[in-house]
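Step one of this worksheet: look at the structure below.
The values are calculated or read from the model by the stated rules, or taken from the named source; none is laboratory data. Remember, predicted model here, so these are calculated numbers, not experimental data. Glycine also receives a Cβ, built like all others from the backbone with ideal geometry; neighbour counts cover every protein chain displayed. Only protein heavy atoms, including side chains, enter the accessible area calculation; ligands, DNA and RNA are left aside. Shrake-Rupley method; radii C 1.70, N 1.55, O 1.52, S 1.80 Å.
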Amino acid sequence: MSTPGNSAAEEAERVLALLAAVPDPEIPVLSVVDLGVIRHVRRGTDGRLRVGLTPTYSGCPATEMIRAAVRGTLDRHGYPDAEIEEVLSPPWSSDWLSAAGRVKLRQFGIAPPVAPVSSPRRLWQATPVACPRCAGADTERISEFGSTPCKAHYRCRQCGEPFDYFKCL
Amino acid sequence: MSSAERHAAESERELQAARCRYVLRLGDTALVLGQRLGEWVGHAPALEEDLGLANLALDLVGQARLLLTYAGELEGRGRDEDDLAFLRDAPEFMNLALAEQPNGDFAVTIVRQWLIDTWQLQVYRALAASTDTRLAAIAAKALKETLYHHRFSSGWLARLGDGTAESHERAQRALEELWRFTAEFFAPDEVDERVHAAGIAPELPGLAAPWSAQVDADLAAATLRRPAVASYSWHGKRGVHTEHLGHLLAAMQHLQRTYPGLRW
């Protein structure tokens, strides 16, 4: 239950801290907060708490699992009447990955996105992707796509290991 | 109600019907192409391309879900994305006829994908500025995904076209076979004109020049020849389809038609 007297900002902080314990189902080292899919936490004019959730990719199958996990966490921690709103605009970007999330990704063996998505043109720029295992810069792309919509498949020419790369999009 | 009010109400109803039809066309093209790509799963030339095509399919089906959900709401008859996808017959599908063409060999699949990617790039880029904020949000999201799809399809187009004599010949043949379906891309009908006039959608013929420039650049990189002007226009978006759509729907809809309401 929300504690009266606390500011909206403090309440949002508390809810975000709860959601920071909700893992992404496909990359469990990341929380949904790290992933940048929680867009807002605020009280509506009717007094109900509203949590804005955005999908990473239109067809990402994890979206529904994330929604259910966020719902469960809100229910268990005193926010059973909170409403989860789908937010499509602005569209999710890999730029919204948190700094902590980028570190966790690398430690998990997934190379984080190399640069900000300043414009769609950056898809064509060949910025080297460093190997998350040996930090070697001599890597090659094997496939634009990987095991989940948010990843591409790379290989390190220095240590010889294949690795996932979190796509810049 | 005065006659002026009646006229305004009638005009508004017509606009809503045109908007619904327009959104349905976009959604059906994404859905049908996504279903086609899904047929490659387990059959692509290499594991990486199998994953690639499945990922494109996933994005397209995701876009279709957003669009069909919206179309169902605009229609106002209580139909959701699943009703629209699984319980309509071929003449009620409004996809571009190109999307339903069979996979053929890998070159046919790549050329079909690349042609639709280049078309979607133009349409989604323009729709991102639509006065319809919901459609604009869907288009902005789809545009990012389509840019990635185009990188994949134009990359493969160049590798096939500028590859071996065999791959070049197959890519050129696929282009010659599929080119006629592009005449439908920028040929407006009364639905397109109505949504354009209301600021919902771009003027279709105006997209032809930037599309053409993109196509020429990609074809030059792939050392492929642009086929002659397509003289016949299909009317997939008006529900007039090639014989292939019925077969695709039979596979896609079989379960819901046989066991109505089945969930798992």
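For B:T182, all conditions in the list (1) buried (at least 19 other Cβ atoms within 10 Å of the Cβ); (2) touching a Lys or Arg at 6+ places or on another chain (Cβ under 9 Å); (3) at pLDDT 95 or above hold save one; what is the number of the exception?
For B:T182, the exception is condition (2).
With the requirement that a residue be outside any loop (DSSP other than H, G, I, E, B), hydroxyl-bearing (S, T, Y) and away from chain B (no Cβ under 14 Å), what does the stretch A:60-93 give you?
A:T73
State the number of residues belonging to the stretch B:226-248 that are among the hydrophobic types (A, V, I, L, M, F, W, C) and either assigned to a helix (DSSP H, G or I) or closer than 18 Å to B:D28 by Cα (or both).
The number of residues fulfilling the criteria is 4.
Please identify the pairs in which a residue from the stretch A:153-169 that is away from chain B (no Cβ under 13 Å) and free of Cβ contacts under 8 Å to residues at least 24 places away in the same chain has its Cβ atom under 8 Å from the Cβ atom of a residue that is open to solvent by 20 Å² or more (accessible area, probe 1.4 Å) and in a strand (DSSP E or B), counting only partners at least 6 apart or on another chain.
Partner pairs satisfying both residue conditions: A:R157/A:T139; A:R157/A:E140.
Which is in a helix (DSSP H, G or I), over 30 Å from B:R134 (Cβ atoms) and either open to solvent by 30 Å² or more (accessible area, probe 1.4 Å) or of a type in the set (S, T, Y) (or both), of B:A251, B:A209?
So the residue among B:A251, B:A209 that is in a helix (DSSP H, G or I), over 30 Å from B:R134 (Cβ atoms) and either open to solvent by 30 Å² or more (accessible area, probe 1.4 Å) or of a type in the set (S, T, Y) (or both) is B:A251.
Just checking, which of A:P113, A:P132 is more than 30 Å from A:D46 (Cα to Cα), touching a Phe, Trp or Tyr at 6+ places or on another chain (Cβ under 8 Å) and open to solvent by less than 10 Å² (accessible area, probe 1.4 Å)?
Testing whether each residue is more than 30 Å from A:D46 (Cα to Cα), touching a Phe, Trp or Tyr at 6+ places or on another chain (Cβ under 8 Å) and open to solvent by less than 10 Å² (accessible area, probe 1.4 Å) leaves just A:P113.
Mind checking whether some residue in the stretch B:193-206 is within 16 Å of the chain's Cα centre (by Cα) and either within 14 Å of another protein chain (Cβ to nearest Cβ) or among the hydrophobic types (A, V, I, L, M, F, W, C) (or both)?
yes
Can you pull out every residue in the stretch A:142-162 that is in a strand (DSSP E or B) and farther than 16 Å from B:G52 by Cα?
Those that are in a strand (DSSP E or B) and farther than 16 Å from B:G52 by Cα: A:R155, A:C156, A:P162.
Which fully enclosed helices (runs of 4 or more DSSP H) of the stretch B:1-100 have 3 or more residues being farther than 29 Å from B:A197 by Cβ, at pLDDT 95 or above and within 12 Å of chain A (Cβ to nearest Cβ)?
Counting at least 3 such residues, we get B:3-38, B:47-75.
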